[in-house]
Amino acid sequence: MAEKIEIPELPFRAFFTYQEVTDFVSSLASARPDLCRLSTLGKSRADREMHLLTITDYSSGAPEDKPAYLIHGNIHATELSGTHAALYTARQLLSDEECSDLLKNIVFYIVPRLNPDGAEFAVTTSGPVRSRTDRSQPEPNTLYPRDVNGDGLIISMRQEHPDGSFIVDPEDSRLLIRRKADSQGPFYRVLPEGEIHQWDGTDHISIDGRGFDWNRNWSYDWRPEPDQYGAGDFPFSELEMRHIAEFIHSRPNLFGVLGYHTGPAAVLRPPSTGSDDDLDEKDVREMEDLARIGAKYTEFPVIPVVKYHGKRSKDINLRGHFHNFGYHHLGLFVFEFELGIMMNSAGITTEQQFETETEEDREELTRKMMKWWDDQEEREPIYQPWEPFQHPQLGEVEIGGFLRRHTAGPTLPDLKRISEGTYKFTLEHARKHPRVVLEDVQSDAMGGQVFRIRARIANRGEFPTHVSNKGRNLRRLRPVRVEFHPAEGVELLSDQGHYSLGHLSGVTGSRLLEWFVSAPEGKDELCEIRVLGGTGGNVRRSIRAS
Ligand SMILES: [Zn+2]
C-alpha cells in the first residue's frame, strides 16, 4: 500500500507570497492526487501562473461531467485574505470526511489568487494598488508608489505644508486627523510613498494615475471611464480577466460561483447596479436565503452590492462588476464574502463603520482600533512610526503610517475563524447542486428481436438545471440533451433517437423516454444513452438485452 502523504495544515501566521501559494497548492495536489489536481488558468502579465485547483473524487468520474462550483480570491491586490480563505476551503475539502460523498458528485474549481502580480506587490511592499501594478500611461506630475527609503515597504509620506489638510491627533499622536479652520499647526500634506513622474516642481501633484479595478472589467453593463473608475479599455481587456472569462465560458457545468474580497465584513449578493426590482422576484428571495446561510456561519450582515456603503451616501452602481455578470450573464446565484477589515477584528461592526456621519466619527473609530491594537499580545504590524527622510524630489518628509496589507483585512487568527464559516457556507450552497441522473432503465424483449428501451431522465438535485429563473432563457445554461446511440448492427425503429428535454426542475423534474430497436440474433449490447445535463452533470449508460 502506498504511504499516505499528510495533507499540510494551512498556517494563519502571515500572508502568502506567490512562491508560498505555489508550494501550498502543489503540496495539496501531491498529498491527494485522487482528489486534487493542480493546473493553471494561464499566465499573468508578469508571467506568473494563475493556479487552478480541481477538486473532486476522480474515481467517480471526470470533472467536466460533474456539476461545478467555482471559488476565486484576491482579484484585488491588497485583499490577500481572499487567497487564504480560498486555500482553507481547498484544504478542508481534502481532509473533511463529511464531504467525501459531495466530492463524488461535484467538482470544485478553486483559483486562490486571481491577481498574482498585484498580490505579490501588496504582500512584499504593502503598497497601494487596486488591481494592476503597472500603469500603462504614466502621466506628468503624477506620483507613483515606490519604496523610496529602501526599507522594503511602501507606506505613506507626510510633509509640512501651509495647505496641508492634516494635523497630528492631540488624542493619539500616531494618527493624523483632518484640519479645521481653527486648527493649530503644524499642517501636513499626506501622499503615498513614491516618486513623481516628470515633476514640474509645483504643488500640483496628482496621485490619481490611471488605476485598474478588475472587478469593473467583467462583461455585463461594462462602462468606460469616466463612467466607471478602473473599468479598463473594454470588457475583459485585462489578461487575467480574460483567462477567467474563458475558463468560465468553457464550463457549462458551473452552477455556483463565489468570490473572496476584503472590506467591512459582509455577505454580498447581486445586484451591483439598480435595485432588486431589476431582478426576478423569486431569484431575489432565493439568493437572499442563500446569503443568509453565509450570515449564519460568519455572523456577517447580508448586503446587496448596491447597498454596500455608508448611510450618508446614495446607492452605488458598479458597472462591469462580478455580481451582475454572474447573475445576468451566467444565470447563477453568485456571492462575494467581504472578509472584514482590521476594524472588524477590533470589534467595530460593519454597521458601525457604515453609520459614521462625519470625518470625526471615522477618526474616533480609528482611535478605537488603535486602542484595541495596543492591548493585543500578539499583534500584526499594522502601523509604522513616522521616520524623517530626505526625499529626492520633495526634500524633507516623514515616512510611516498604516500598512495596507494588514489594515485591509481581518487579523489572521480572525481570518481562520471566518474561513471556517465561509467553508461551511460553501458546502451548504454546493449541496444544493442540480443532479441529473438516469433512472428506471430497462429493456424488454417484444419478440422478433425487437426491444423496447425505457429510461427516466431526472434532476434529483435541489436547484433546477437552469439554477435561477434568470437562467431559464439564457443560452449559456444548456438544456438537458439526451443522445441515443444504437450499438453496431442495432437499428433504431423509433422516429427519434436524440431528445432535447429543456430544463428539469429541482428534485421532481423528470421525463420518461422510450425507444424501440431491432437487434441481430444473439446481440446483447443494444445501445448507449448519453445525457448531457448542463449544470446537472453528464451521465451515460450502456443497455443490454439481457
Ligand atoms: Zn475587493
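Within region 79-94, is there a residue that is touching a Ser or Thr at 6+ places or on another chain (Cβ under 7 Å), within 30 Å of Asn149 (Cα to Cα), within 14 Å of the ligand (Cβ to nearest atom) and assigned to a helix (DSSP H, G or I)?
yes
If I filter region 273-305 down to residues being farther than 18 Å from Leu339 by Cβ and assigned to a loop (DSSP other than H, G, I, E, B), which single residue comes out as nearest to the chain's Cα centre (by Cα)?
Checked region 273-305; the qualifying residue nearest to the chain's Cα centre (by Cα) is Thr273.
List every residue pair whose Cβ atoms sit under 6 Å apart, with the two residues 6 or more apart in sequence or on different chains, where the first one lies in region 408-424 and is farther than 15 Å from Leu80 by Cβ and the second, anywhere, is of a type outside the set (A, V, I, L, M, F, W, C).
Matching pairs, first to second residue: Gly421/Tyr297; Gly421/Thr298; Tyr423/Thr89; Tyr423/Gln92; Lys424/Tyr297.
Restricting attention to region 306-317, which residues are touching a Phe, Trp or Tyr at 6+ places or on another chain (Cβ under 9 Å) and either outside any loop (DSSP other than H, G, I, E, B) or surrounded by 18 or more Cβ atoms within 10 Å (Cβ to Cβ) (or both)?
Within region 306-317, just Tyr308 meets the criteria.
Going by the conditions given, is Gly209 crowded, with 21+ Cβ neighbours inside 10 Å and either part of a loop (DSSP other than H, G, I, E, B) or within 15 Å of the ligand (Cβ to nearest atom) (or both)? Steps first, please.
Details: crowded, with 21+ Cβ neighbours inside 10 Å: no; either part of a loop (DSSP other than H, G, I, E, B) or within 15 Å of the ligand (Cβ to nearest atom) (or both): yes.
When the stated conditions are applied, Gly209 does not pass them.
Exactly one of (1) surrounded by fewer than 20 Cβ atoms within 10 Å (Cβ to Cβ); (2) under 22 Å from Arg404 (Cβ atoms) is unmet by Asp163. Its number?
(2)
Within region 86-112, can you find the residues that are open to solvent by 10 Å² or more (accessible area, probe 1.4 Å) and closer than 19 Å to Glu336 by Cα?
Tyr88
Return the pairs, sorted by first residue and then second, in which the second residue is surrounded by 14 or more Cβ atoms within 10 Å (Cβ to Cβ) and part of a loop (DSSP other than H, G, I, E, B), the first residue lies in region 309-334 and is touching a residue at least 40 places away in the same chain (Cβ under 8 Å) and among the charged types (D, E, K, R), the beta carbons are less than 7 Å apart, and the residues are 6+ apart or on different chains.
That search, which allows pairs on different chains as well, returns Arg319/Asp221; Arg319/Trp222; Arg319/Arg223; Arg319/Gln228; Arg319/Ala231; Arg319/Thr273.
Do we find a residue being surrounded by 24 or more Cβ atoms within 10 Å (Cβ to Cβ), within 16 Å of the ligand (Cβ to nearest atom) and among the polar types (S, T, N, Q) anywhere in region 50-73?
no
Pick out the one residue from Ile348, Ile248 that is modelled with pLDDT of 95 or more, assigned to a loop (DSSP other than H, G, I, E, B) and either buried (at least 20 other Cβ atoms within 10 Å of the Cβ) or more than 15 Å from the ligand (Cβ to nearest atom) (or both).
Working: Ile248 fails: assigned to a loop (DSSP other than H, G, I, E, B).
Result of the check over Ile348, Ile248: Ile348.
Quick test for you: out of Pro11, Pro33, pick the one residue that is under 11 Å from Leu94 (Cα atoms), surrounded by fewer than 20 Cβ atoms within 10 Å (Cβ to Cβ) and at pLDDT 95 or above. Please lay out each step first, then the result.
Values: Pro11 fails: under 11 Å from Leu94 (Cα atoms).
None of the other options fit; the residue is Pro33.
Taking Arg132, is it closer than 25 Å to Leu239 by Cα and not hydrophobic (A, V, I, L, M, F, W, C)?
Working: closer than 25 Å to Leu239 by Cα: yes; not hydrophobic (A, V, I, L, M, F, W, C): yes.
Answer is yes for this residue.
So which pairs qualify, if the first residue must be in region 358-376 and surrounded by 12 or more Cβ atoms within 10 Å (Cβ to Cβ), the second must be part of a helix (DSSP H, G or I), the Cβ gap must be under 6 Å, and the two must be at least 6 apart or on different chains?
Met369/Met343
In region 252-270, how many residues are under 30 Å from Lys416 (Cβ atoms) and away from the ligand (no atom under 16 Å from the Cβ)? Walk me through how you get there before you give the answer.
We begin by selecting, within region 252-270, every residue under 30 Å from Lys416 (Cβ atoms); these are 254-270.
From the residues that got through so far, the ones that are away from the ligand (no atom under 16 Å from the Cβ) too are 254-256.
The total comes to 3.
Go through (1) in contact (Cβ under 8 Å) with a residue 24 or more places away in the chain; (2) closer than 30 Å to Arg435 by Cα one by one and return the number of the condition Asp101 breaks.
Of (1) in contact (Cβ under 8 Å) with a residue 24 or more places away in the chain; (2) closer than 30 Å to Arg435 by Cα, only one is false for Asp101: (1).
Starting from region 182-194, keep only residues that are more than 20 Å from Ile205 (Cα to Cα), then list their pairs with residues that are surrounded by fewer than 17 Cβ atoms within 10 Å (Cβ to Cβ) whose Cβ atoms are within a distance under 7 Å, requiring at least 6 positions of separation or different chains.
Pro186/Glu160
Which ones in region 95-132 are of a type in the set (Gly, Ala, Ser) and in a helix (DSSP H, G or I)? Before the answer, list the steps.
If we filter region 95-132 for residues that are of a type in the set (Gly, Ala, Ser), which is where we start, we get 95, 100, 118-119, 122, 126-127, 131.
Passing the criteria: Ser95, Ser100, Gly118, Ala119, Ala122.
Only one of (1) closer than 19 Å to Pro410 by Cα; (2) more than 16 Å from the ligand (Cβ to nearest atom); (3) β-branched (Val, Ile, Thr) is not met by Val284, so which one is it?
The one condition Val284 does not meet is (1).
Restricting to region 254-290, name every residue that is buried (at least 18 other Cβ atoms within 10 Å of the Cβ), of a type in the set (S, T, N, Q) and under 14 Å from Val306 (Cα atoms).
Across region 254-290, the qualifying residues are Ser272, Thr273.
The values are calculated or read from the model by the stated rules, or taken from the named source; none is laboratory data. This structure is a prediction, so every number in the text was calculated from the model and none was measured. In this analysis, Cβ positions are derived from the backbone assuming ideal geometry, glycine residues included, and neighbour counts consider all displayed protein chains. Accessible surface areas use protein heavy atoms only, side chains included; no ligands, DNA or RNA. Shrake-Rupley method; radii C 1.70, N 1.55, O 1.52, S 1.80 Å.
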